[in-house]
Amino acid sequence: MKITTQLVVVCLLSQATFAQPVNTTLSTPNSWIQKADFNGGLRNCAIGFSIGDKGYLGTGSVYGQPIIYYKDFWEFDPQTNVWTQKADFGGTARDRAVGFNIGDKGYVGTGYSPANGYLKDFWEYDPAANQWTRKSDLSGPGRYSAFSFSSGYKGYIGTGDIAAYTHSKDFWEYDQSSDTWTRKADFGGAARQYSAAFAIDGKGYAGTGYAEVRFNDFWEYNPTNDIWTQKANFPGSQRAAVVAFAIKNKGYIGTGSLYHFYPMNDFWEFDPVTDKWTQKADFSGKARDFAVGFSIGNKGYVGTGRSDDGAGNIIEDKDFWEYTPDAQTTAVPTITSFAPTSGPVGTTVTVTGTNFGANPADNIVYFGATKAVVTAASTTTLKVKVPVGATYQPVSVTVNGLTGSSAMPFVVTFKAIRGIDTVSFAPAINISMGSNPDQMALADIDGDGKSDMIVGSYGESALPQNAVAVFRNTSNTGAIAFAQKVELLKGSAQTYPVVTDFDGNGKTDLAVLDTRLEKLYLFSNKSTPGNISLIQQAEYTTGDFPYSIGTVDIDGDGKPDIVIPNLNGKNFSVFRNTSASGSISFAPKIDFQLTLKPISIAIGDLDKDGKTDIVIGYTDYNNYTISIFRNNSTPGLISFDPKIDLANNADGYTSGISIGDLDGDSKLDITISNFSNSASTLSLYRNTGSTGLISFAPKVSYATKGTGFQNNAINDLDGDSKPDIAGTNYWSGTTAIFKNKSIPGTLSLGKSVMYPAGSGPKATTIGDIDGDGKPDIIFLNLFSGTISILRNQVKPSLCQPPSSLTVDNLIYNTARLGWTLPDSSVNGFMIRYYPAGTNEIRERLATSTATHLILKNLQLNTTYKWKIRSVCSSDVSSWVKGPDFTTAASFALSSNAETITRSGVQGSEVVQIVPNPSNGNFTIQMQLPAKNVLTTLALYNSFGERIWQQQAGMLSGTVTKSIALDSKLSEGVYILRIERSDVRLMQKVVVNK
C-alpha cells in the first residue's frame, strides 16, 4: 500500500506555476538525479506525500528571529519537472505536521504553531478541486513530530511530542469513509518523536526517532490483528528526523541526524520478506535532517530540510532529488479476474492477478476511456473505483511501464426503467467538423476525467481542409459541450485514429492511420488537464491501402502493438511495440498473407488462453467470410495459427466487427455489421469454444431497418447489465439500437429502435459524454460534416439493486450468497445462478430484509455464476453480478470431522465413524457442545443428494449412535452431517460391499 511518512515540515509560497529546466540525464539503477528546486523556498520540517503521479509538499518553517511558519502547498509533476502552487493548507501555518494520502485524497494534520501550540486538527485535500476540507480532529492529544502512513482506506498516526519533554507512543487509525479516529495498540517501541514510517503490502513499518536518546529499532504493524512486531534494527547509526518512503515491495530510510545536529546522507533499503537491510547509494545532496521524502511510481523523492553551510552554521535547503532503485526484473501484470463484473460508476471492484504494484500509486488502472482511482493494493489484488466515463473495454493495469488487460470488459450499469424506445435518447446534438468526418476514437486525453473525441477526416487524396480533430470535453451532467477543436496532421487524406498508452507512462497516446497516404503516425500525449498537447514522435509506412486499425498487446510483453488490415495488399500487418516511457517506437511491420481484401478488424481473447486473437472481415463481393486468427505469439515473436473461417453468406460485406460477451457466459461473442445496398443486417456469432479451442455457433441475423449498415458498437444502454448494440444505416440516414435479451447459451436481440441521423452516418461509438453515469451514442455524418451525440435519457428507476455482493461459507455443494440491502425499500430479491458455460438457469427469491441466501445441492467441481436484482412494487432494479464461485471436486474428508459453527470458528467437537469403511452398518461417536440442542443426522451421496435422515433428539456432550443401513447403501463414498443450531459436523463414510 502506498504510504507516506514524514518527520519533516516544509513551507511554501503563493499560487503560480514555475517551469524549471528539465534534467535530461537518464536514470541509472541505484542512483540520484537532481530535479527542479522546490519553488516554495528554503525550509525544513515540512510534510510531503504523493497522490497518483504527482507529489505534494507544504507547511514547514525556517529558522530566524522569529521563526517563520508556512502554510503554502505545492504540487510536483515528475514528468514535466515542474512545481505548481496550489491552494494554501486549510489550517494555521505550522511545522512538524504529518501528511499522507488515502486513494485520491491527501491528509495533513497535527504539528506545532506558536499561536496554538500542539495541534490536533486534521484536513483533507482534494487535488481535483484544489480544495481543503476540515475533517474530525485527532482523538488523541495534540502533538508534533509524529509518524504517519496509510494503508487502504485507513490512515495512521503515532508517537510524537504531546507536551514539553513529554513523548508519546499512542497510535491512532483514521477511517476515511466514516471520518472517525480509533485508538489502536500502542507503538511497539519506546515513546518518542521524530520517527519515520512507510507501508508495504498492507502493513506499516516505523522506527528510528528521539527521546533524550536516538533510536534505531524498527517495528512492523499488522492492521488485521492490531499487533506490533519488532523487526531487524535499522543498521545505520541511531538517529532521528530521517526521510522514509516505499517503492513497490521495498522500504527506504535515509538522511537524518545523529546528535543535536550531525546530519547524515546514507541511504538504506528494507526488504520485509527477508527482514534485511541493504545500504544503497548515498543521498547525492548535502547531508541533512528534517527533509521531506515520498515516492511516485517506482521513484523516490527527497528534498528541503536542514544542512551545514560548511562553516558550522545550520541552513535550510530547497534542492530536490529523485532516486531510482536497483533495476529489477519487471514482470508484466496480469488480470485473472475482477468482481463484481458489473455495477454503476463508483462501484469498488476487486481486481485479482499478478505482478501488481504493492502501493496504490504504483498501479495505473483504466476502464476503457477513463482512469480509475486505486484505493488499495497488493501484488496480487487491487481495489479500484469504477470511473465516470468508463467504456465497454477490458480493464487494464499498468505497472512500471508495462500493461496487462482483462479478457472481459466491465459492464457499467445504472438505475433505470428497463427497455429501449424512441425516447430513450434526446434529439441529436450536432457539432460541426469543418471537413468530412470519417472515423473516431473516445478517450480522456487531458486527464481531467472526461472522455474527449478524436475524429479523423475523409478524402481520397490529401486535402488542405482535412485534419485529425481533437475535441476536449467540457460537458457537465445533462449539458454536453466541447472546446474548440485542436487539429493534427493538417492536409491529410483519410485518417483512422486509435488510442492507448503506448509507452506505459499512464497517459493515453494517439496513433493515426492515413489510408490513402499509406502512413502510420504516432503521437505522444503531453496534455495536462484543460490543455490538449499531442506531439508527433514517429511515422511509419504501411502496406497497400491500409483500411482500419486496432491496438492490443499481441505478444504478451506488456506493450500494446498495432494491427492494420491492408485492403489492396490482401494481408494484415503487425507493428510490434518497442516503446519506453516517454519515447514511442515500433519495430518494422510483419505481414500476414490473406486471400481476400480485408476491410475491418476486431481483437479479443476468444479462447480464454490469455492471448488476444484477431477477427478480420472482408469486402470481396459474393465471398463474405469472417476469418479468425488464433494468437500463439510469445514475447518478441508475433505468430498466429492458420485462419478459421466463419461463413457469412451474402448479407453484404463486413463493414464493422465488435467483440463482447452478449449472453453472460464469460465468453466473447462476435457482432458483424453487414453493409448492403438493400436490406442490411446485424449478425451475431455465439462463442462455443473453450481454452485453446476457437468455435462459434452459426450466426443469427437481425434486420437493421435500413441500408448500408456501418460499424456497430457495444455497451449497456439501459442499465440492465446486458451490453446492447448500436450502429448506423449509411444510406438510410438512421441509427439502429438493439436491446440485448440474451441468456447464457442463447443470443437474442429485440427489434431495432430507430433514431434519425445526418447524411452518411458511420463510426458509431458509445461512451458517457456528460458524466451522468449513462452511456451516450456518438456517430459521424460523413456528408453532413457533423458529429452527432445522442444523450442517454433512459428514465431512472427508484428500485435500487443490492450492493457489496459476496460468496462465503462455500462447503462442498453449498454456498452462501451475501449482499448489502439497498437504501430504498424493496419487496424482495430475485437471484439467478447457473453453471458457467451452460444455460441451466435456476431462480430463487429472498425476502425484503434478507442479506444472504444459501444454495444447496450444487454440482461438485463446478464454477457457478450468479446475479441478483431487487423487486419493488411497480418495477425491478437492474441485475448486479456477483463473484463467481467453484464447488469442491469431491466430498473427501480427513479422519477428523470438519466443524462449522455459526461464527465459522473451529470448535473442539469431534465425530468419528467406526468402522470406516463398513458394509453400511456403523457407529457414530460424537463429541457435541454441552448445551442440549435438537440434533439431526443426515447422509448425502456424492451428488449432494440427501438419501437418509434421522431426528436424533436433544443431544449434548459425548453421544454414541448405531446406524444400520447395509440394505440401503450401495458401495461408494457418502457424507454424514450432524446438524444443530449451534454447530454442524461432517464426516466421510466409506461403504465397501
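Bear in mind these aren't lab numbers, they're just calculated from the coordinates by the rules spelled out. In this text the structure is predicted, and so the values were computed from the model without any measurement. Here Cβ is always computed from backbone atoms with ideal geometry, including for glycine, and neighbour counts include all displayed protein chains.
Summary value for the range 910-991: 36 percent relative contact order, contacts being C-alpha pairs under 8 angstrom separated by 6+ residues. Between ASP309 and LYS751, residue separation times 0.36 nm minus the direct Cα-Cα distance comes to 151.1 nm. Exposure proxy shown here: for VAL423, VAL574, VAL243, the number of other Cβ atoms within 10 Å sets the order, fewest to most, as VAL423, VAL574, VAL243.
For the pair ASN116 and LYS741, label points projected 7 Å from Cα toward Cβ lie 6.4 nm apart.
Label-to-label distance, GLU971 versus ILE590, with points set 7 angstrom from Cα along the beta-carbon direction: 5.5 nm. Exceedance of the 26 Å cut-off in Cα-Cα distance is limited, within the set LYS699/LYS762; LYS699/LYS741; LYS589/LYS643; LYS231/LYS383, to LYS231/LYS383. The Rg/Rh ratio of the range 227-332, with Rg taken over Cα atoms and Rh as the Kirkwood radius over Cα pairs, comes to 1.00. Report, to one decimal in Å, the Kirkwood hydrodynamic radius for the range 535-642 based on all distinct Cα pairs. This gives a value of 14.2 Å. Two numbers describe the Cα atoms of the range 803-887: Rg and Dmax, which are 12.7, 39 Å.
Diffusion coefficient (Stokes-Einstein, Kirkwood radius over C-alpha pairs, 37 °C, 0.692 mPa s) for the range 612-684: 245 µm²/s, rounded to a whole number.
Computed over the chain, the alpha-carbon pair-distance distribution with 10 angstrom bins reads 2, 11, 18, 20, 18, 16, 11, 5, 1, 0, 0, each value a whole percent.
At q = 0.11, 0.12, 0.17, 0.27 Å⁻¹ the log10 of I(q)/I(0) for the range 334-412 amounts to -0.21, -0.25, -0.51, -1.43, computed by Debye summation with a single uniform scatterer per C-alpha, solvent ignored.
Length gained on full extension, ALA163 to ASP823, computed as 0.36 nm times the residue gap minus the Cα-Cα distance: 233.0 nm.
A simple spin-label model places the labels of ASN857 and SER583 6.6 nm from each other, with each point 7 Å out along Cα-to-Cβ.
Taking only the Cα atoms of the range 32-324, the ratio Rg/Rh comes out at 0.92, with Rh defined as the Kirkwood radius. A Förster radius of 56 Å, combined with the Cβ-Cβ distance separating GLN230 from THR80, puts the computed FRET efficiency at roughly 0.85.
For the residue pairs LYS371/LYS415; LYS86/LYS318; LYS485/LYS722; LYS450/LYS705, alpha carbon separations beyond 29 Å are given by LYS485/LYS722; LYS450/LYS705. Taking the number of Cβ atoms within 10 Å of each Cβ as an exposure proxy, the fewest-first ranking of MET433, MET986 is MET986, MET433. If the segment from LYS993 to ALA850 were pulled out straight at 0.36 nm per residue, it would be longer than the present Cα-Cα gap by 46.9 nm.
Relative to the compact-globule estimate of 2.2 N^0.38 Å, the Cα radius of gyration of the range 910-991 comes out at 1.03. Using the average count of surrounding beta-carbon atoms within 10 Å as a protection proxy, the listed peptides 34-46, 636-648, 517-529 rank, highest first, as 34-46, 517-529, 636-648.
Remark: the Cα gyration tensor places the range 429-790 in the rounded category, a/c being less than 1.5.
Rounded to the nearest 0.05, the FRET efficiency derived from the C-beta distance between ASP875 and THR92 at R0 = 45 Å is 0.30.
The aspartates and glutamates whose alpha-carbon is closer than 14 Å to the alpha-carbon of LYS203, local same-chain residues fewer than 8 away aside, are GLU173, GLU220, ASP226, ASP271, ASP275. Residue exposure proxy: HIS167, HIS260, HIS852, ordered by other Cβ atoms within 10 angstrom of their Cβ from fewest to most, comes out as HIS260, HIS852, HIS167.
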